[in-house]
1. Tell me the carbon and sulfur percent of the accessible area for the range 94-186, rounded to whole percent, probe radius 1.4 Å.
2. Per residue of the range 116-123, what does 6.51 cos²θ - 1.76 cosθ + 1.60 with θ = phi - 60° give for ³J(HN,Hα)? Whole Hz please, x for Gly and Pro, Karplus curve as stated.
3. With contacts defined as alpha carbon pairs under 8 Å and 6 or more residues apart, what's the relative contact order of the range 114-193 in percent?
4. Quick check on packing: order 97-105, 149-157, 120-128 by the mean number of other C-beta atoms within 10 Å, highest mean leading.
5. Compute the length gained on full extension between Ser143 and Ala164: take 0.36 nm times their separation in residues and subtract their Cα-Cα distance, giving the result in nm to one decimal.
6. From the phi angles alone, apply the Karplus equation (6.51, -1.76, 1.60; θ = phi - 60°) to the range 59-74 and give each ³J(HN,Hα) in whole Hz, x where the residue is Gly or Pro.
7. Once you have the Cα-Cα distance between Ala109 and Met129, take 0.36 nm times their residue separation minus that, and quote the gain in nm to one decimal.
8. Limiting things to C-alpha atoms, what are the Rg and the maximum Cα-Cα separation (Dmax) for the range 83-179, in angstroms?
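The values are calculated or read from the model by the stated rules, or taken from the named source; none is laboratory data. This structure is a prediction, so every number in the text was calculated from the model and none was measured. Positions of Cβ are backbone-derived with ideal geometry, glycine not excepted, and every protein chain shown enters the neighbour counts. All accessible areas refer to the heavy atoms of the entire protein, side chains included, with ligands and DNA or RNA removed. Shrake-Rupley method; radii C 1.70, N 1.55, O 1.52, S 1.80 Å.
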Amino acid sequence: MRWGFAKFDEAANDRIVIFLDDSYRLYAVANHKPQPGKPGKLDWAQVIRCYGTPSQGYASNFNGGIRVGAVVTAGVGNATCAGITRPWHASKPGTINIILLLDTKLTRAAMVNAIITATEAKCAVLYAMDIRTPDGELATGTSTDTVTVATTGHGTTQSYAGPATLLGWLIAKAVRQAVEQSLLAARPRPLQS
């Protein structure tokens, strides 16, 4: 898949590889030792910590000279509600990993804003899709969610990335699209007869 500044390599079996340009790549690797599956052929269905579930969503937006991409893997087998769900060890696989690809330059404050904006967008999708915790509460995420921000460092420095900014709006829009795609792809499908 191409966003103009990034490409997702679907041929990689043991990692997610994102080519940001000719000289930069972003790698996402399962956080397991030993890794499930055969050497060189990771079994993504068994990955429950960081960087992997079998379904992925992709979305990109461009406006005002700013390009934003979001790569999302999503599973909600261990859905939680922040501040309500008590700490527990996840027994079912599932996490929501968001990788933001931003073709711009950000201050540290803007990077924090980007993470907050992405998290807000993710929570909104979970609410809209009525994703629930095992206790029946509306989920805000899972116990192992991550957000990674990768920037090219090109262009005008962005001081903020909250929802009221153009950058924040583009981030939220891409995250909403990618999280929804990924969750829909992860839903069990009826068996064909």
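1. Values: 2200 of 4050 Å².
C and S atoms contribute 54 percent here.
2. Computed from phi, the couplings for the range 116-123 are 5, 4, 4, 5, 4, 5, 4, 4 Hz.
3. Working: 60 pairs, mean separation 30.6, N = 80.
The value is 38 percent.
4. Details: 97-105: 23.2, 149-157: 14.2, 120-128: 19.0.
Those peptides, ordered most packed to least, come out 97-105, 120-128, 149-157.
5. Numbers: separation 21, 0.36 × 21 = 7.56 nm, distance 2.80 nm.
The Ser143-Ala164 span can extend by a further 4.8 nm.
6. So the Karplus estimates, Gly and Pro as x, are 8, 9, 9, 9, 6, x, x, 10, 10, 9, x, 9, 10, 10, 10, 9 Hz.
7. Stretched fully, the Ala109-Met129 segment lengthens by 4.2 nm.
8. 14.7, 46
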